[in-house]
Amino acid sequence: MNTQQLKVFIAIAENKNITQAAGKLFLSQPALSRQLTLLEEELGCQLVVRNNHGVDLTSAGEILYKRSKQIQEDLNNTVEAVREAAAGIYGQINIGTIYTDFPHLVPYLTNFQKQYPDIMIRISTQVPSQLLEQLAQGTIHIACLRKPMSDIKNWPCIPLYKERSLLVIHEDMDPCPELDEIPIEMLRGIPFCSGTNVDRERQIWDYAEVLQKECRKHGFELDMAFECTGVMSRLMLTAAGLAACFIPSKIAELFDCRHIHLKEITGVSVQTTPVIVWNDRIYMGRPVHVFLEYCRSLQGE
């Protein structure tokens, strides 16, 4: 059994079709079938079962596929480690983040880029649903999301620290500008802006949705006058004096505007946790592993 045979078998397992696997590897179908036959003869067991649409893995084939993926990753990491020893660590890390995680991501990037100047870090900002899809597809290596707002499935993650949310309101809309905190009852009738794509079945929720639940306990509904994508859009509406919003404190404090009031809401304590998430079911290059190790070391400190 050699690495080429394992590569062939991985392609068959992932495509569930010998013809498609052959096309992906730029091999003829007979050549690929021959490699599969040699592999089954060497192992002394059947690895696939043919059906009308292609092939299914046997129980033995499932085990070989999982082990082959691990072997392939170990081999790739070994090759990269050898190259790094000669030329240093280089490559690219694709990070996707929501806007509210940006202030938490920056400290992790500051010294990392200095230590590894040959690693290019590409950052894109998206809504949580898009980041989860891109993470599953492998188009980004790392996603910066929030719990419990995003369903990160069983993917591994590094939690940062819990962060409270604040009311952000224009001074002209503030019913009690002289107070540092605002009683929740005084939110009645104030127009609010919420985020889009609140998926209650998957428990993906918005900050304003949580505040709405608290208001209902006090016998009234928030006036959800606007709905928009992205926290920056909500902040812009607030700065224009059109709607208040309820967002994590760090991003609110970065938005320095003399006409904006940042306030705690009496009796309401909403905390969320920014998390660094990655998909351990796909291949990750050495730069990604180095970045995750660096993040863990900061957590240790």
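The values are calculated or read from the model by the stated rules, or taken from the named source; none is laboratory data. Fair warning: this is a prediction, and the values are worked out from it, not measured in the lab. No Cβ is skipped: glycine too gets one built from the backbone with ideal geometry, and neighbour counts run over all protein chains shown. Ligands, DNA and RNA are stripped out before the accessible areas are found, and what is left, the full protein with its side chains, is counted by its heavy atoms. Shrake-Rupley method; radii C 1.70, N 1.55, O 1.52, S 1.80 Å.
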Could you order Lys250, Lys213 so the one with the most accessible surface comes first? Probe is 1.4 Å. Lys213, Lys250
State the answer as a single residue: which of Phe246, Tyr294, Thr139 lies farthest towards the positive end of the charge dipole of the chain, with beta carbon charges of +1 for Lys and Arg and -1 for Asp and Glu, about the Cα centre. Thr139
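For the chain, how big is the tail of P(r) above 36 Å, as a whole percent of Cα pairs?
In whole percent, the long-distance tail amounts to 38.
Normalised by the empirical 2.2 N^0.38 Å for globular proteins, what value does the Cα Rg of segment 185-293 take? Numbers along the way, then the final one.
Details: Rg = 17.2 Å, N = 109, 2.2 N^0.38 = 13.1 Å.
Ratio of Cα Rg to 2.2 N^0.38 Å: 1.32.
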Qualifying GluC sites (Glu not before Pro) for segment 216-293 [loop in DSSP, other Cβ within 10 Å: at most 13]: Glu221
Residues Val79 and Gln271, FRET efficiency given R0 of 51 Å [Cβ-Cβ distance, rounded to 0.05]: 0.75
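Add -39500 (n - 2.57) for each DSSP H run of 4 or more in the chain, then divide by its residues: what number comes out at 222 nm, to the nearest 500 deg cm²/dmol? Show your work: numbers first, answer last.
Working: 10 runs with 129 residues, N = 301.
Counting only the DSSP helices, I get -13500 deg cm²/dmol.
How large is the accessible surface per residue of the chain, computed with a 1.4 Å probe and reported in Å² as a whole number? Intermediate values should be presented prior to the final figure.
Numbers: 15720 Å² over 301 residues.
That works out to 52 Å² for each residue.
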Over 18 Å between Cα atoms: which of Lys69/Lys147; Lys16/Lys69; Lys162/Lys213; Lys16/Lys66; Lys69/Lys153 fall into that group? Lys69/Lys147; Lys162/Lys213; Lys69/Lys153
Summed over the other residues with a beta carbon less than 11 angstrom from that of Pro177, with K and R at +1 and D and E at -1, the charge totals -4
Mind checking which of Leu32, Thr58, Val79 is farthest towards the positive end of segment 1-126's charge dipole, using Cβ charges of +1 (Lys, Arg) and -1 (Asp, Glu) about the Cα centre? Leu32
Sorted by accessible surface (1.4 Å probe, heavy atoms of the protein chains only), largest first, Leu254, Leu39 come out as Leu254, Leu39
Relative contact order of the chain, please, whole-number percent, based on alpha carbon pairs below 8 angstrom and at least 6 residues apart. 22 percent
Given a 1.4 Å probe and every protein chain left where it sits, what share in percent of the accessible area of segment 56-174 is carbon and sulfur? 52 percent
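With a 1.4 Å probe and all protein chains left in place, how much of the accessible area of segment 180-301 comes from carbon and sulfur atoms, in whole percent? Write down the numbers at each step before the final one.
Working: 2810 of 6000 Å².
Accessible surface attributable to carbon and sulfur in segment 180-301 totals 47 percent.
Please say if segment 1-111 is rounded, prolate or oblate, where rounded means a/c under 1.5 for a ≥ b ≥ c the square roots of the C-alpha gyration tensor eigenvalues, and otherwise the choice is prolate for a/b larger than b/c and oblate otherwise? Before the final figure, lay out the partial values.
Details: a/c = 2.79, a/b = 1.98, b/c = 1.41.
Taking the square roots of the gyration eigenvalues as a ≥ b ≥ c, segment 1-111 is prolate.
Students sometimes get this wrong: rank Val210, Val82 by accessible area, probe 1.4 Å, all chains present, largest first. Show your work: numbers first, answer last.
Details: Val210 30, Val82 100 Å².
The residues order as Val82, Val210, largest area first.
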If we count every other residue with Cβ under 14 angstrom of Leu27's Cβ, Lys/Arg +1 and Asp/Glu -1, where does the sum land? +3
Which order do peptides 177-190, 270-283 fall in by mean Cβ count within 10 Å, highest first? 270-283, 177-190
